[in-house]
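Handing you a structure now.
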Amino acid sequence: MSVVAHREATTGGFWSRTSLGQKQLIWAWGFLAVPLLFYVVIRFWPTFQAFYLSVTDWTITKPAEFVGLENYKRLFADPLFWQVFRNTFVYLILGTPISLMISFIVAYYLDRVRFMHTFIRALYFLPFLTTAAAMAWVWRWFYQPVPIGVINDVLAGFGIPQQPFLRSTTQALPAVLAPAVWAGLGFQIIIFLAGLRAIPVTYYEAARIDGLSEGAILRKITLPLLKPTLVFLVVFSSIGFLRIFDQVYNINTNDPGGPLNSTKPLVLMIYQTAFSSYEMGYAAAQTVVLFLILLVISLVQLRLMRDR
Amino acid sequence: MRFRHLIASVALGVATLAASGARAVEIEYWQYVFDTRVKAMNQLIAKFQEANPDIKVKQTTFPYADYQTKVAASILAGQGPDVVQLFYGWTDNFIAGKMIRPLRAEAFPAADIERDFFPIVSAMKRGNDYYGLPTAVRSLALFYNKKAFKDAGLDPNNPPKTLEELIAAAEKTTKRDGSGNITSAGMTLDMTGQDHQWWREVLIRQFGGTPYTENDTKVTYNDEAGLKALTFYTDLQKKHKVGQAGFMDEGQAAFRAGLAAMTIDGTFRLGSFGTIKSFEWGVTELPANAQGVRSNYASYFANAITTKAEGEKLAAAEKFLAYVSSPEAMNIWMEVVGELPARRTAALTPENIAHPIYGPFLKGLEYAHTTLFKDELAQRQVAIDMVNRVLIGNEEPKASLAKAAEAEQAILDRAKR
């Protein structure tokens, strides 16, 4: 009895002795602890475990044994890794500028359209809501040879020889990239529109009174003030293209990443190593490499595009 | 007073439940989701429980894509099935992971297995021990579109018997548009389907070679026979132009749509082709070579007992495994799923052999081979890439074959470690 009373006195004492600011801090951390704990257990812990796994030869069925940097040596000696590395960067280097360019142009003009503005915006946003798997299957059929491929039927109608698209080592990657770019447009357009709306109208009015041309307004006012939006979208879409997976996997499910690995990105190689060959250690090493690539690219981009 | 009654009845109920629970052994059975397979297994479980009222079998299923990972993860965690279905090609993996146990020789004598089952069941044997038994087996055959044959002036009741006749029939049934594009193929080319099995275990042997030696751990197809087999296959597109890889996306889709006169596929396709309404199709044995040599590729899913089953569960699991590999179970499986019985006596009945559809598949079983894959998907990919290098990359078949042999040997060597 006396113990309980004593304890109540001390806790009550502690709580009454803390200032309002400290109390707020305790509450804030109390609430933050839940998602923090979740992140540590669900996200960060497995991430660190991946680093450990990458120096073992774990295969799910065989217990893990320490093998040092064996997995990394094998990875850098594997020609498939270098091809996949190249592919991943082609997705990035083609995908990011093309998608940003198109979405900016669309957003720039859509911003001026009043007629059916919301409807058009919704139309652009629609593909973003569609499941990547469903979309990839539809495009897969678009790209088929005659008599069922829509694109080749049109080409044949104009007397142009039919194109192999997904059955070509040179055309397959752009063919896979096209639906991926298209699917991401809606999101980027919305963000660009929000960025454009955030620029104060008074700047434009002042510029027009001073007689600046539309081109000059775009260069001197719109683009510089859009920089934060642009930085966000460049980083966001770069990471998206570096991690491209479902589009590639679903457009060619029978030979994922094919033909002859010409469309295989790093993430797909990791997936196949882990879940069809069960070489978990080797897959973890690939994951670590992907992690480092993402880290470096994000840091470089943030630095390059940071405001001075 | 009423409250006491309530307590008493609840206690009685609990006691009865506990008693019946103690009497019935519950074992778990896992397989992947495939409508007809699940249905057939439900029937087998019902029959088994009727005969063994003291055993309850619980069936759990999930998608094929995650199947191996989930089985491995759960057994290693001490949970999961007592009896598990696995592809024969995963056996090494499952044994290495201590997931399945050898069948006790007293319950399943090896001599009986070898006398009663088709020889391909030896793929489940390691040393003197069998690690599982199949209910049903699958083999390949040539499907042909009777309407396409008739339209091309061929006899729909006389399908090609040799490789030469196959090419001749394919040439007659191929249709092209003005610019030479194929609009209806004579023969499907689809390495991602069953063609890699056809090439590996059938064509190579028919051209005088062997795909592997030393229990399929050494690649031996990088020779004259392998080259002839590869050239025969790629010539279907390059020289004879009777088919095109990627036409209609998949070979089976082209055949289903009536846009391919012939395709090679397995027993597992019967259910899907059975729903074709627009034309009549037939099945015939895989074509022989000029000397009359035939071969086939057979595969199966086996049922095995896991290391998790101990004591009375192990005894129950053995009883259940014995039942699902009995002739009765095999006949039910054939009726519901369409796969062939794994026991000779159940399969080779006069009625089955004369059957227009099952007959050709059953004949194939007699001379079929079974590849002991180490990593089926990776080895299949090697074959896909080998053909793509020739068809898309215009590489010489000889160079492409050598690369494939090297890549596949690397996969086999890695698995040995």
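The values are calculated or read from the model by the stated rules, or taken from the named source; none is laboratory data. Remember, it's a predicted structure, so these values are computed and weren't measured experimentally. All Cβ positions, even for glycine, are placed from backbone atoms using ideal geometry, and neighbour counts span all protein chains on display.
Checking the structure you have, find out if any residue of segment B:82-96 is among the charged types (D, E, K, R) and closer than 17 Å to residue B:322 by Cβ. I'd like the intermediate steps shown before the answer.
Step one: filter segment B:82-96 for residues among the charged types (D, E, K, R), giving B:82, B:92.
Keeping just the survivors that are closer than 17 Å to residue B:322 by Cβ gives B:82.
Yes, some residue in segment B:82-96 is among the charged types (D, E, K, R) and closer than 17 Å to residue B:322 by Cβ.
What number of residues within segment B:222-270 are modelled with pLDDT under 95 and hydroxyl-bearing (Ser, Thr, Tyr)?
Here the count works out to 1.
Let me ask something else about it. Out of (1) in contact (Cβ under 8 Å) with a residue 40 or more places away in the chain; (2) more than 23 Å from residue B:158 (Cβ to Cβ), the odd one out for residue B:229 is which?
Failed condition: (1).
Only one of B:245, B:309, B:302, B:298 is more than 30 Å from residue B:26 (Cβ to Cβ), in contact (Cβ under 8 Å) with a residue 24 or more places away in the chain and in contact with a strand residue (DSSP E or B) (Cβ under 8 Å, 6 or more places away or on another chain); which?
So the residue among B:245, B:309, B:302, B:298 that is more than 30 Å from residue B:26 (Cβ to Cβ), in contact (Cβ under 8 Å) with a residue 24 or more places away in the chain and in contact with a strand residue (DSSP E or B) (Cβ under 8 Å, 6 or more places away or on another chain) is B:298.
Something else now. With the structure loaded, tell me whether residue A:230 is surrounded by fewer than 20 Cβ atoms within 10 Å (Cβ to Cβ), assigned by TED's automatic domain parsing to the domain that holds residue A:139, in a helix (DSSP H, G or I) and free of Cβ contacts under 8 Å to residues at least 24 places away in the same chain or whether it fails that test.
The answer is no for residue A:230.
Also, I was wondering about something else. Any idea how many residues of segment B:63-89 are more than 14 Å from chain A (Cβ to nearest Cβ) and surrounded by fewer than 21 Cβ atoms within 10 Å (Cβ to Cβ)? Lay out the reasoning, then the answer.
Residues of segment B:63-89 more than 14 Å from chain A (Cβ to nearest Cβ): B:78-79, B:81-83, B:85, B:88.
Now drop any that are not surrounded by fewer than 21 Cβ atoms within 10 Å (Cβ to Cβ), which leaves B:78-79.
Total meeting the criteria: 2.
Counting only residues that are among the charged types (D, E, K, R) and touching a Lys or Arg at 6+ places or on another chain (Cβ under 7 Å), how many does segment B:271-306 have?
Number satisfying all stated conditions: 2.
Considering only residues that are within 14 Å of chain A (Cβ to nearest Cβ) and over 31 Å from the mean Cα position of the chain (by Cα), look in segment B:154-179 and name the one that is surrounded by the most Cβ atoms within 10 Å (Cβ to Cβ).
Step by step, filter segment B:154-179, then rank; the result is B:175.
Here are A:191, A:120: which of them is under 25 Å from residue A:219 (Cβ atoms), away from chain B (no Cβ under 14 Å) and not acidic (Asp, Glu)? Explain how you work it out, then say what you get.
Working: A:120 fails: under 25 Å from residue A:219 (Cβ atoms).
Matching residue, one of A:191, A:120: A:191.
Looking at segment A:36-91, which of the residues that are assigned to a loop (DSSP other than H, G, I, E, B) and without any contact (Cβ under 8 Å) to a residue 40 or more places away in the chain is surrounded by the most Cβ atoms within 10 Å (Cβ to Cβ)?
A:62
Right, here's the next one. Considering only segment B:362-416, state which residues are within 13 Å of chain A (Cβ to nearest Cβ) and of a type in the set (Gly, Ala, Ser).
If the condition is that a residue be within 13 Å of chain A (Cβ to nearest Cβ) and of a type in the set (Gly, Ala, Ser), then B:378, B:383, B:393, B:400, B:404, B:407, B:410, B:415 are the ones that fit.
Select, from B:245, B:260, the only residue that is in the same structural domain as residue B:163 (by TED's automatic domain parsing) and more than 18 Å from residue B:160 (Cα to Cα).
So the residue among B:245, B:260 that is in the same structural domain as residue B:163 (by TED's automatic domain parsing) and more than 18 Å from residue B:160 (Cα to Cα) is B:245.
What number goes with the only condition from (1) away from every other protein chain (no Cβ under 14 Å); (2) of a type in the set (Val, Ile, Thr); (3) surrounded by 15 or more Cβ atoms within 10 Å (Cβ to Cβ) that residue B:182 does not pass?
Of (1) away from every other protein chain (no Cβ under 14 Å); (2) of a type in the set (Val, Ile, Thr); (3) surrounded by 15 or more Cβ atoms within 10 Å (Cβ to Cβ), only one is false for residue B:182: (1).
Name the residues in segment B:50-62 that are aliphatic (A, V, I, L, M) and surrounded by 12 or more Cβ atoms within 10 Å (Cβ to Cβ), would you?
B:55, B:57
Taking only pairs six or more apart or across chains, which ones have beta-carbon atoms under 8 Å, a first residue in segment B:398-411 that is in contact (Cβ under 8 Å) with a residue 12 or more places away in the chain, and a second residue that is surrounded by fewer than 17 Cβ atoms within 10 Å (Cβ to Cβ) and basic (Lys, Arg)?
B:409/B:218
Which of the residues spanning segment B:90-109 are within 12 Å of another protein chain (Cβ to nearest Cβ) and buried (at least 16 other Cβ atoms within 10 Å of the Cβ)?
The first filter runs over segment B:90-109 and keeps only residues within 12 Å of another protein chain (Cβ to nearest Cβ), leaving B:90-100.
Hits for segment B:90-109 are B:90, B:91, B:92, B:93, B:94, B:95, B:97, B:99, B:100.
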